[in-house]
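*Asks:* Before anything else, here's the structure in question.
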Amino acid sequence: MLPQFLGHYRPIEGSDFTVMMKLYMSMENKFGDELNMMYGVGYLGLTSPSGFIKPYIAVHNLSNDYTSKKYGQATGFNGYVLGWVAAYNFDMFNEKFVIANWNEVEMDRNDAYAEQQGGTTGLNGAVTFTWKFMPRWTASVSYRYFNNKLGYDGYGDRMNYLIGFEF
């Protein structure tokens with residue numbers, strides 16, 4: 001299970017710079033429950049009628065079940081994250097499509113978490129292709145990728161398929 005939340009707040013009216021927060025939790029997995037909390041600065045000014053790129057840099061705080069025999073508890077400060085969310089909307093053959101990407105690079109992880117996840121840096125993201133085949137229905141395929149993340153030492157990937165209804 002992986003609930004998540006990403007929010008941007010513009011503290012200065014008219015500015016595209018934001019204070020951002022991202023929270024996500026993974027539960028009932030092979031390496032224990034984990035809550036990731038990221039607090040930082042984002043930018044919302046890279047937009048066009050057909051898409052956007054929303055980059056951010058954040059401090060990474062972690063609540064995690066893992067305890068290293070050598071380093072102790074993994075919970076606490078866990079380095080920094082450089083990330084983005086991007087999407088491009090287009091029409092082809094009179095149909096609507098979206099290509100989207102989210103990506104996170106974790107840097108300077110704490111020693112206990114680095115031991116658990118396979119390194120002091122990690123990569124986490126996905127590229128998604130979505131077809132809006134009816135006004136409220138979508139079909140998506142995502143290529144999910146990760147490196148030294150999700151309890152996996154080294155590179156891993158998978159494909160996700162989804163049929164969705166927009167309420």
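*Asks:* Pull up all non-local amide H partners of Asn110: gap of 5 or more, or a different chain, and H-to-H distance under 5 Å with H placed in the peptide plane.
*Replies:* For Asn110, the qualifying residues are Gly79.
*Asks:* More than 20 Å apart: what percent of Cα pairs in the chain qualify?
*Replies:* So the portion of pairs separated by more than 20 Å is 58 percent.
*Asks:* Would you mind calculating the gained length between Phe77 and Glu166 on full extension (0.36 nm times residue separation, minus the Cα-Cα distance), in nm to one decimal?
*Replies:* Once the chain is fully extended between Phe77 and Glu166, it gains 28.3 nm.
*Asks:* Something else now. Note the count of lysine pairs whose C-alpha atoms are less than 25 angstrom apart in the chain, limited to pairs 8 or more residues apart or on different chains.
*Replies:* Pairs that pass both the separation and distance tests number 12.
*Asks:* May I have the convex hull volume per residue, in Å³, for the Cα set of segment 42-89?
*Replies:* Each residue corresponds to 86 Å³ of Cα convex hull volume.
*Asks:* Using +1 on the beta carbon of Lys and Arg, -1 on that of Asp and Glu, and nothing else charged, what's the dipole of the chain about the Cα centre, debye to 20?
*Replies:* 200
*Asks:* Of Phe52, Phe133, Phe165, which is farthest towards the positive pole of the chain's charge dipole, taken about the Cα centre with +1 and -1 on the beta-carbons of Lys, Arg and Asp, Glu respectively?
*Replies:* Selected residue: Phe133.
*Asks:* Tell me which chymotrypsin sites (Phe, Trp or Tyr not before Pro) from segment 74-113 have a DSSP coil assignment and no more than 12 other beta carbons within 10 Å of their own.
*Replies:* Phe93
*Asks:* Grab the DSSP H runs of the chain that are 4 residues or longer, score each as -39,500 (n - 2.57), total them, divide by all residues and round the 222 nm result to the nearest 500 deg cm²/dmol.
*Replies:* Per the formula, -1000 deg cm²/dmol.
Only the coordinates and a few stated rules stand behind these numbers; no lab work does. Computed from a predicted structure; not experimentally measured. When we count neighbours, we look across all protein chains shown, and the Cβ atoms used for this are built from the backbone with ideal geometry, even at glycine.
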